[in-house]
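Notes follow the structure.
The values are calculated or read from the model by the stated rules, or taken from the named source; none is laboratory data. The shown structure was predicted, so the numbers you read here are calculated from the model rather than taken from an experiment. Backbone-built Cβ (ideal geometry, glycine too); neighbour counts: all protein chains shown. Side chains included, ligands, DNA and RNA excluded: accessible areas come from the protein's heavy atoms. Shrake-Rupley method; radii C 1.70, N 1.55, O 1.52, S 1.80 Å.
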Amino acid sequence: MMRFFQKIAVFMQGRYGMDALNGFILALAGVCWLANIFVWAPVPSMILWGVEMALLVLAVLRMLSRNINMRSLENRRFRTVFDPVKNWVLLRIKKIRERKDFRYLKCPYCKAQLRVKNQKGVHGVRCPKCRGEFRVTI
């Protein structure tokens, strides 16, 4: 079994491999696969199957590519769009999870996101980013 993995490692030398864009493409193919399970009509099912196969082929071709500079440029462009969306969704999830203990507000000076304890009363808050101080009523 070790010889098999060594042969795979030798084959993958100089090739691009896996990155965030490939992970997204594979996740999208998985969503198409799940959607295809619930489609009963033959024509939409074949269209979803074709999209799924095209996404899988694209992911495999990107992984096996030897043009590392181009693949990393594609990944960088993808990350500039995807990371802010991912961070926004994760912040919303965090706000929902911690809604009983903390309150999230924006600094009036630098617009940074601040987390303060959810205790009633007037509190003095200092922004760790810009060192601005302001009062907030909870």
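Listing for the model above:
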| read-out | value |
| --- | --- |
| Simple label model, 7 Å out from Cα along Cβ direction - residue 4 to residue 130, nm | 5.9 |
| Those lysines that a straight Cα-Cα span of less than 21 Å connects to residue 111, excepting residues fewer than 8 apart in one chain | 86, 94, 95, 129 |
| Candidates 37, 68, 25: whichever shows maximal mean-square fluctuation once the chain is modelled as a Gaussian network with Cα springs under 10 Å | 37 |
| Carbon/sulfur fraction of accessible area - the range 26-138, other protein chains in place, 1.4 Å, % | 64 |
| Cβ-based net charge around residue 108, under 11 Å, with every Lys or Arg adding one and every Asp or Glu removing one | +2 |
| Ranked by how many other beta carbons lie within 10 Å on average, peptides 89-100, 48-59 from highest | 48-59, 89-100 |
| Residue-normalised accessible area of the range 33-138, expressed per residue, 1.4 Å probe, Å² | 78 |
| Cβ charges +1 (Lys, Arg) and -1 (Asp, Glu), total dipole of the range 1-112, debye | 620 |
| Nitroxide proxy distance, nm - points 7 Å out along Cα→Cβ at residue 77 and residue 94 | 3.0 |
| Residues of type lysines that residue 120 reaches as a straight line, Cα spacing below 17 Å, ignoring anything fewer than 8 places off in the same chain | 100 |
| Mean ellipticity per residue at 222 nm, deg cm²/dmol - from DSSP H runs of n ≥ 4 across the chain, formula -39500 (n - 2.57) | -21000 deg cm²/dmol |
| Surface/4 estimate of mean projected area, convex hull on alpha-carbon atoms of the chain, nm² | 14.9 |
| Phi-based couplings in Hz for the range 91-98 (Karplus 6.51, -1.76, 1.60; Gly and Pro marked x) | 5, 4, 5, 5, 5, 5, 5, 9 |
